[in-house]
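The values are calculated or read from the model by the stated rules, or taken from the named source; none is laboratory data. Bear in mind the structure is a predicted one, so any value in this text is a computation, not a measurement. FYI the Cβ positions are ideal-geometry reconstructions off the backbone, even for glycines, and counts take in every protein chain you see. Accessible surface areas use protein heavy atoms only, side chains included; no ligands, DNA or RNA. Shrake-Rupley method; radii C 1.70, N 1.55, O 1.52, S 1.80 Å.
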Amino acid sequence: MDKKQQEPFKQLGERLRTLRQKLHESLAEVSGAVEIEDAMLQRIEQGQERPSEDILLLLINHFGM
């Protein structure tokens, strides 16, 4: 399995991490705002986990996209 298949959501995760860092927000601040665990947000940012549609919508709303 190549790296792309192992981390299919890496591009999404990197985009979310970039937005969070631009806003100078910690993992804890963003995960608290969208009511998910810090570890889950970290896995999403690392491309290891796909956010549910609900969580993705909350993140989009939080970042004002």
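Overview of values
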| read-out | value |
| --- | --- |
| All positions within the range 34-64 that are part of a helix (DSSP H, G or I), out of contact with any Ser or Thr (no Cβ under 8 Å at 6 or more places or on another chain) and surrounded by 15 or more Cβ atoms within 10 Å (Cβ to Cβ) | Gln42, Arg43, Ile44, Glu45, Ile55, Leu56, Leu58, Leu59, His62 |
| Every pair of residues 6+ apart whose Cβ atoms lie under 7 Å, when the first sits in the range 30-58 and is touching a residue at least 24 places away in the same chain (Cβ under 8 Å) while the second is among the basic types (Lys, Arg) and open to solvent by 60 Å² or more (accessible area, probe 1.4 Å) | Glu45/Arg17; Gly47/Lys10; Glu49/Arg43 |
